[in-house]
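> Input: one structure, supplied below.
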Amino acid sequence: MLYLDTEFNGFHGELISIALISSVTGKEFYEVLPLPETIHSWVKKNVIPVLNQQPEPFQTIRHRLYHFLKYHDGEPIVADWPEDLSHLLNLLCEPDGVSFRLELDLRLIQSGELHSEIHHNALSDARALMHWHLNKK
């Protein structure tokens, strides 16, 4: 399974970072997108300081994501927040209508309490979601 987490600029805001972790291969995908001009005050205080990576261009991230998902073909994608799945799908779409075509199995679960090492860091939160989900069985 691939475990997904994202950070975004307030409720329904622009995507800031995205992480996917495979429980099968152990490979991790983590990217930070170009930051919005105006950043929500809560995000500025809680998310930006823990990004731990420089932003990359949208197109670069989009292609890296596509190749990561192709490599993990067939692994279901698990998230615990609907907006995470929405941001993932939006990242695969190009504003001019060109999009990558992949067969995806998306699963939205209700998680318990997650123990993330770095709160509000998408990579750390995705790891916490994976550990919680694998240990609840």
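> Filter region 81-108 down to the residues that are open to solvent by 40 Å² or more (accessible area, probe 1.4 Å) and either at pLDDT 90 or above or within 20 Å of Phe11 (Cβ to Cβ) (or both) and list them by number.
Once the filter is applied, which keeps residues that are open to solvent by 40 Å² or more (accessible area, probe 1.4 Å) and either at pLDDT 90 or above or within 20 Å of Phe11 (Cβ to Cβ) (or both), region 81-108 yields Trp81, Pro82, Ser86, Leu89, Asn90, Leu104, Asp105, Leu106, Arg107, Leu108.
> In region 22-60, which residue that is within 23 Å of Met130 (Cα to Cα) and among the polar types (S, T, N, Q) is most open to solvent (accessible area, probe 1.4 Å)?
Asn52
> Give me a count of the residues in region 61-119 that are touching a residue at least 12 places away in the same chain (Cβ under 8 Å), under 19 Å from Leu129 (Cα atoms) and among the hydroxyl-bearing types (Ser, Thr, Tyr).
2
The values are calculated or read from the model by the stated rules, or taken from the named source; none is laboratory data. In this text, all values refer to a predicted model and were calculated from it rather than measured experimentally. Because the Cβ atoms are built from the backbone with ideal geometry, glycine has one as well, and the counts that use them run over all protein chains shown. Remember, those area values only see protein heavy atoms, side chains included, never the ligands or the DNA or RNA. Shrake-Rupley method; radii C 1.70, N 1.55, O 1.52, S 1.80 Å.
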